[in-house]
């Protein structure tokens, strides 16, 4: 693999999210809602930028590619039982969707956990729309969207107080 | 150490929570609020029982003993800077309170994450009262209470569908 | 779903491990190697029993079903790029195999982390045999086996000092 | 708090490690041992640089400050029972030292888990020296050192394949 791989996987990841009905602006809106109470001058553009930076991370891309692949293959009838039924029914005892999301939330530290749980429980904005779709398997998608928004929010909180470290 | 240690540490843990202003009934109320929408016949006694079972777990006891010790020693002025200021101000970028809470939430699997984040964000019931107290350091206490309630809720969800395994 | 589901999924999980070349005795051998230095009277039967109890847990079953499904579907050519190549090459920067394994390790608390890392690095016994197989995709399998052995070891360590709690 | 805080806390963290008998060069040696088999041209200076970058992260600093504070306060007799005995004896069922270390390991993703477990089990170099000291409480220190080395190794692995992202 050459050094151009990371940006390519990011593009594929963003395309895959779009194909599943989620654009980055939808996620940036969640971030703005979560953070505007703390940072009165926070702009939508900054929220979108923060979502983009989260999607630069290799572990985030891998978590998204893996989760959405499981959603898609289940939808196509290629996953065996009992996993197929667990994923089709978004079984609330499954737990692996939360585990995968945790690896996204944690890229900017554990301070993202609270916002992740809050979004996953209340399902505002795009997250609620995802859950309402019939005939689709979106067991991983809704948690992944909540996790990206929570990580992007954590990044904003860190940067509000940090000096740049270039790493 | 002999085999009678575990119940003793549980008693010490419960006493320490009480000394910091939290009784098990307060936590059981949070559990009932979280779960009554899913299990219409759930009783307060079952929620209290579930909180007790969470507190039987050694890792839960250790997380509580460790977090509350840090709160108490900071209150007594025995913790050096810069940690003392971080803990006194309940700095939202600290992150270690969430990490410690995660080890409590996870005793019944990752399905507890959502409820933990929700409680930690909205701070209902006893959690809000904890945060309102002046002159006290409760940086760990509020997250710990949310984590115990989330774990007790996860235990109820698992048991609603499980056969007993005796382990 | 009725109450008989959990044991069924356990059977399916054990069958799936066998189909991928791993029997429970292989894992029990790893547990005995890890623990015999600490508990001189530990028997192979107790190690096998501990492996079985780990496999009783719903979150463990779900992690195994999910990881092995990804290995199998990749082998069958049903996974799209770039994930297919990442999984075929067992890319050491993938990270999701470790994340999934963590949810197995953690069922008996974080004390299993050390043994998991040790097994995953040195790849003794069955774990090394898995990695040596050509034409197969076992990116998740080796980590899952290490995680089951680490969790079963943690369970033995806890029980050596605990009184039964019936939960 | 102003924007100059982060570098200051890094200095305090490095001083605290030195005061407990660990210099950054000791940790860099562990990193070089772990990684030289994979990157034949890796230098000691690059390993030391990677350790420094890990220590730039706020969550890493907070985990170190918190863990070493618990070691020090226990040594000074300021921690109550039963936690004092658990920490003095480095009880292998405690688990909170591993949890805190996990928040360090995870700053460069879950790929650091394997190296963390390996170091924590075999205790090479400085980690073994820490464990051999009598009259000192170093329950957190040895895990923290293993975690910093594992995170610095993960950073090297990521950078060997990444394009710079400036974040």
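List of remarks:
- Cβ crowding within 10 Å averaged over residues, with C:139-147, D:12-20, A:56-64 ranked highest first: C:139-147, A:56-64, D:12-20
- Calculated mean residue ellipticity at 222 nm for the protein assembly as shown: -21000 deg cm²/dmol, from DSSP H runs with n ≥ 4 weighted as -39500 (n - 2.57), summed, divided by the residue count and rounded to 500.
- Pairs of C-alpha atoms in the protein assembly as shown farther apart than 44 Å represent 14 percent of all such pairs.
- The other copies place their residue D:131 label points at 2.1, 4.2, 4.6 nm from this one, listed shortest first, where each point is 7 Å from Cα along Cα→Cβ.
- Shielding of peptide B:115-123 by partners, expressed as the average count of other chain Cβ atoms within 10 Å per residue Cβ, is 6.
- Neighbouring partner chain Cβ atoms per residue of C:78-86, average, 10 Å criterion: 6
- At q = 0.18 Å⁻¹, base-10 log of I(q)/I(0) for segment C:25-100 (Debye sum, equal scatterers on each alpha carbon): -0.84
- Relative contact order of chain C, taken over Cα pairs closer than 8 Å and 6 or more residues apart, is 30 percent.
- With bins 5 Å wide beginning at 0, the percent of Cα pairs of segment A:5-158 falling in each bin runs 1, 10, 20, 24, 21, 13, 7, 3, 1, 0, 0.
- Against chain A, whose longest principal axis is taken from its Cα atoms, helix A:96-105 shows a tilt of about 20°.
- Segment D:103-161 - Rg (one decimal) and Dmax (whole number), Cα, Å: 12.2, 45
- Estimated FRET transfer efficiency (residue C:85, residue B:135; beta-carbon r; R0 56 Å; 0.05): 0.45
- Helix A:24-35 and the longest principal axis of the C-alpha atoms of chain A enclose an angle of approximately 60°.
- Taking Cα atoms only, the orientation of helix C:5-19 departs from the longest principal axis of chain C by about 60 degrees.
- Pairwise FRET efficiency - residue B:78 versus residue C:19, Cβ, R0 = 45 Å, nearest 0.05: 0.20
- Per-residue average of Cβ from other chains inside 10 Å of D:149-161: 2
Where a number appears in this text, it was derived from the coordinates with a stated rule and is not lab data. What you see is a predicted model; the values in this text were computed from it and never measured. Cβ coordinates were reconstructed from backbone atoms using ideal geometry, including for glycine residues, and neighbour counts include every protein chain displayed.
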